[in-house]
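Peer 1: Pasting a structure here, questions to come.
Every number here is computed from the coordinates shown, using simple stated rules; none is lab data. Keep in mind that this is a model prediction, so the values were computed, not measured. FYI the Cβ positions are ideal-geometry reconstructions off the backbone, even for glycines, and counts take in every protein chain you see.
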């Protein structure tokens, strides 16, 4: 057994501790759907019925259902609803606070209410009042996903979008999953969409290839949320050894020309492992205009590839890199090829390796592949 394995926390023990801590403090639970008709609203209402059956005071404050509203909302209390229930009801936060239930159900967090704001913006008031929130969210309501699928679906989403960072406030995020084939069968058999709406949707977001891509994107959102929660737990409990749902690969670059190929190869390596990808540079001096142009291009390329670009400042490149690697809980680090033919004490590469522990380090080597060209390989 290596020294690294000896200090790595047992995965099952970490999950048990995270689960116990989550159960104690959960206030905000969201059911994520990747397409219309996937069943996120049904899952939320089923949970409301389960909790109500156990004696919890639960109300439904905002919803949109298809078909018979009385049947969909059976055995649940609807805030201020008349005997005949409508197919849709908007959120009235003040009325919820006046009613003061233990649990409130809010359908579609991105939906804009009368004030023009997304319902998600009202959740903080309910949580502050000690009210547990059960809610639903469509994956295309998340800004990064909506932007990525805009060209594929042929239109921009008409509703307000939720910033990705807002997902950090969610205690539990659960994907309501159904295969694309089963979803299409459900939509054809049930009156979830009108015939005209279904015909249009089958040419856009309900195309089979679009549904498959949206489902994969929803799985990624769930994985990233779990990763953020686990990293947060590790920091709160002073766990220094990286252990998370997804790997974290960091490529370190200097202000040099022609590093685009290196960034693309590092990104491909991270994508093959479904790992998060970041490019990091350290500025120890004032850059020239040419160097600024290079680094700006590298930042744009990294963001285009879906990675994170980080500018660090420090007197020591090695010290700044090591601090960031530890802070971000990176699992693998890729360093540029050495310009010297042998290791020298105090150079950046050897200093980073000396200071790091529990992190895999890859050193690129330079290989001449043609006149004026250098290939970096691991």
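Peer 1: Need the full-extension length gain, residue 363 to residue 323, defined as separation in residues times 0.36 nm minus the C-alpha distance. One decimal, nm.
Peer 2: 12.5 nm
Peer 1: Apply the Kirkwood formula to region 58-182: the hydrodynamic radius equals the inverse of the mean of 1/r over all pairs of different alpha-carbon atoms; give it in Å with one decimal.
Peer 2: 15.8
Peer 1: So for the pair residue 191, residue 209, with labels modelled 7 Å out along Cα→Cβ, what separation do we get in nm?
Peer 2: Placing both labels 7 Å along Cα→Cβ, they lie 3.5 nm apart.
Peer 1: If we count other beta carbons within 10 Å of each Cβ, what is the order of 227, 360, 70, fewest first?
Peer 2: 70, 360, 227
Peer 1: Rounded to two decimal places and with Rh computed the Kirkwood way over Cα pairs, what is Rg over Rh for region 172-214?
Peer 2: In region 172-214, Rg relative to Rh is 1.00.
Peer 1: With a/c under 1.5 counting as rounded, go ahead and sort region 46-121 into rounded, prolate or oblate using the C-alpha gyration tensor (a ≥ b ≥ c being the square roots of the eigenvalues; past the cut-off, prolate if a/b is larger than b/c, else oblate).
Peer 2: oblate
Peer 1: Extending each Cα 7 Å along its Cβ direction at residue 112 and residue 71, get the distance between those two points in nm, one decimal.
Peer 2: 3.4
Peer 1: If you average the sequence gap of Cα pairs under 8 Å that are 6 or more apart and divide by the length of region 88-215, what percent do you get for the contact order?
Peer 2: Across region 88-215, relative contact order equals 19 percent.
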